[in-house]
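For reference, the structure is listed below as structure tokens.
The values are calculated or read from the model by the stated rules, or taken from the named source; none is laboratory data. Bear in mind the structure is a predicted one, so any value in this text is a computation, not a measurement. Cβ placement follows ideal geometry from the backbone for every residue including glycine, while neighbour counts extend to all protein chains displayed. Surface accessibility is based on the protein's heavy atoms, side chains included, excluding ligands, DNA and RNA. Shrake-Rupley method; radii C 1.70, N 1.55, O 1.52, S 1.80 Å.
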Amino acid sequence: MDRKIHLFLSYMGLILSPALAYAVTPHEQLAAYVKAAGVPANPAAGQQFFTEKHGKDWSCATCHSANPAATGKHATTGKAITALAPAADVTRFTDVAKTEKWFKRNCNDVLGRECSASEKANLLAWLVTVK
């Protein structure tokens with residue numbers, strides 16, 4: 001019986017370990033973007049990036065609202081979007097794969113391309129200051 005429990009727990013560990021490997025804090029993700037960018041993050045540039053349009057019809061604030069601590073609404077579908085600021089939604093920026101998925105989609109909508117590591121670092125550096 002003990003062997004079966006041990007095997008079960010080992011099996012569960014293998015299943016859960018990939019998910020746990022991606023559980024991070026927003027500050028850990030910020031540090032990774034800063035390292036990839038090779039320059040310090042600039043929160044003021046992140047705020048400017050969030051609010052301005054970049055040659056396309058939308059800015060980040062178009063869907064996430066001017067206040068990233070508030071609930072947003074998708075500009076096309078009208079679907080509610082939970083607050084972007086980690087202080088308002090503790091699940092934000094705690095899953096690397098999910099963060100990268102949404103950066104890829106949203107940067108394409110706003111910029112027409114993927115965001116650079118520096119742009120991600122600047123934006124996240126600002127978002128972690130929003131209360």
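Considering only protein heavy atoms, what per residue accessible area in square angstrom results for the stretch 48-131 with a 1.4 angstrom probe? Write down the numbers at each step before the final one.
Details: 4530 Å² over 84 residues.
With all protein chains present, the stretch 48-131 gives 54 Å² per residue.
What residues from the stretch 45-59 fall in the zone where the backbone N is under 15 Å from a label point 7 Å along the Cα-to-C-beta line of residue 113?
Label zone hits: 54-56.
By average Cβ neighbour count within 10 Å, what is the ranking of 87-96, 52-61 from highest down? Provide the component values of the computation, followed by the final result.
Details: 87-96: 16.1, 52-61: 14.4.
The peptides rank, most packed first, as 87-96, 52-61.
Given the Cα-Cα distance of residue 97 and residue 45 and 0.36 nm per residue of separation, how much length would full extension add, in nm? Please list the in-between numbers first.
Numbers: separation 52, 0.36 × 52 = 18.72 nm, distance 2.42 nm.
Full extension of this stretch gives 16.3 nm more.
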